[in-house]
Amino acid sequence: MRRIFLLLAGIGLLFAAPAFALNNGLALTPPMGWNSWNKFGCHVDQDLIKQIADAMVSSGMKAAGYQYIIIDDCWQVARDAQGNIVPDPKRFPDGMKALADYIHSKGLKFGIYSDAGTNTCQGRPGSRGYEYQDARTYASWGVDYLKYDWCHTGTQNIQASYETMRDALAASGRPIVFSLCEWGLDDPWKWAGSVGNLWRTTGDINPTWQRIMQILDLNAPLWRYAGPGHWNDPDMLEVGNPGLSTRESKSHFSLWCMLAAPLIAGNDLRHMSPAIRAVLTNKEVIALDQDPLGRQARRIIQQDDTEVWRKPLSGGNVAYLLLNRAETAKEMSLYIGSATRVRDLWKHQDEGPFTNGVFQANVPPHGVVVIRTLSQ
Ligand code: GLA
């Protein structure tokens, strides 16, 4: 009887387990880097990318864990007679291999963008029908990360199209992080764990508080699908871009870290205010994102305009984020246990234990307080 029960439980576990993770050994914690799109759109060239790589190092971002420098759309202009993809010769006169070498010489990694359809979203040549050739080209340049978009795909099957590029990347022989960008159209969280390392869950972000809250809500139910090697991607960061206050940038960043989201900065790293640099390089908050357990936070309390999010960490500790969506400050409280001490990850100080085990904080409008429990 007992054996039958164990067998049934085993089968149950098999079915309950999420899709097997892509077996490329990459992105065991959410990838960290920078992408050109949010700030520069199509205005990309090799000088900009090199300057960004320099700034990644000099600003302390590399030391804080950021690695990938990713060129988004518009680097490509045509295919040659052999079908090889051709980078814009005016904007990238030295070619992509030289740029990759420069980025690698800084101890960073190089990422690029293409599209599963005939054309990219900006009308440049896509990879449809050239998947294996493109993957080989990327590998020969030294590409470490591919973001793969979904424009101009007609009646293509989403899953099959992404599987083709997954297999092409694997056949290239170079380890390349695979970032799916089909905007959550085909519920990628249900199947993409065995196809890519991360998948966009929504349409594009923009630097407004309203959009960031929308994307947060859309990601809240997806917590069970994230884990080492396979992450929900609520889109690249808008931290430091015009449209968000510094406080909103800090909330956006903290929330993305709680969600175990890829941390792909999207601002001009060459001209950051000290306050924005401090947000992007807060190592204590980044440590939540990069925690090896790889769990995405769940929203455990939602009351009027306030919320509490909870993220289990390796070693048995827990992070809590108190969010105030309102236009006025809110007094918030959370029972955390009478012996529990916490660390405030923005004040950088230890606190507690608290009377009756209740942690209290005044949370400013559009603000957050982020704490983690300290081992007893
Ligand atoms: C789509 C993607 C964006 C960006 C642009 C580039 O909109 O979702 O992240 O890559 O294409 O054209």
Qualifying residue in region 92-114 (condition: within 16 Å of the ligand (Cβ to nearest atom), in a loop (DSSP other than H, G, I, E, B) and either farther than 15 Å from W37 by Cβ or not assigned by TED's automatic domain parsing to the domain that holds Y145 (or both)): no
Scan the strands (runs of 3 or more DSSP E) fully inside region 134-252 and keep the ones with 1 or more residues being charged (D, E, K, R). 145-149, 198-200, 231-233
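Yes/no matrix, rows are residues, columns are (1) open to solvent by 10 Å² or more (accessible area, probe 1.4 Å); (2) acidic (D, E); (3) under 25 Å from A260 (Cβ atoms); (4) at pLDDT below 95:
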residue	(1), (2), (3), (4)
L322	no, no, yes, no
R325	yes, no, yes, no
T328	yes, no, no, no
E331	yes, yes, no, no
Y335	yes, no, yes, no
Q360	yes, no, no, no
V369	yes, no, yes, no
S375	yes, no, yes, yes
Please work out which one of (1) open to solvent by 60 Å² or more (accessible area, probe 1.4 Å); (2) away from the ligand (no atom under 13 Å from the Cβ); (3) at pLDDT 95 or above; (4) among the aromatic types (F, W, Y) is the condition F20 fails and give its number. (3)
Output yes when any residue across region 161-181 is within 12 Å of the ligand (Cβ to nearest atom), touching a helix residue (DSSP H, G or I) at 6+ places or on another chain (Cβ under 6 Å) and either free of Cβ contacts under 8 Å to residues at least 40 places away in the same chain or within 22 Å of D73 (Cα to Cα) (or both), and no when none is. yes
Scan region 136-147 for residues that are surrounded by fewer than 24 Cβ atoms within 10 Å (Cβ to Cβ) and among the aromatic types (F, W, Y) and jot them down. W141
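Can you tell me which residue in region 32-50 is surrounded by the most Cβ atoms within 10 Å (Cβ to Cβ), limited to those that are within 15 Å of the ligand (Cβ to nearest atom) and in a loop (DSSP other than H, G, I, E, B)?
First, pick out the residues of region 32-50 that are within 15 Å of the ligand (Cβ to nearest atom): 33-44.
Narrowing further to those that are in a loop (DSSP other than H, G, I, E, B): 36, 41-44.
Details: S36: 25, G41: 12, C42: 14, H43: 10, V44: 21.
Checking each candidate, the answer is S36.
Each row is one residue, and each column tells you yes or no for (1) at negative phi; (2) over 16 Å from the mean Cα position of the chain (by Cα); (3) within 14 Å of the ligand (Cβ to nearest atom); (4) polar (S, T, N, Q).
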{"site": "I212", "(1), (2), (3), (4)": "yes, no, no, no"}
{"site": "A226", "(1), (2), (3), (4)": "yes, no, no, no"}
{"site": "H230", "(1), (2), (3), (4)": "yes, no, no, no"}
{"site": "G243", "(1), (2), (3), (4)": "no, yes, no, no"}
{"site": "E248", "(1), (2), (3), (4)": "yes, yes, no, no"}
Given the conditions (1) open to solvent by 60 Å² or more (accessible area, probe 1.4 Å); (2) under 30 Å from D47 (Cβ atoms); (3) small (G, A, S), every one holds for G316 apart from (2)
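The values are calculated or read from the model by the stated rules, or taken from the named source; none is laboratory data. The shown structure was predicted, so the numbers you read here are calculated from the model rather than taken from an experiment. Here the Cβ is made from the backbone with ideal geometry for all residues, glycine too, and neighbour counts use every protein chain on show. The protein model used for the area step is the full one, side chains on, heavy atoms only, and it has no ligands, DNA or RNA in it. Shrake-Rupley method; radii C 1.70, N 1.55, O 1.52, S 1.80 Å.
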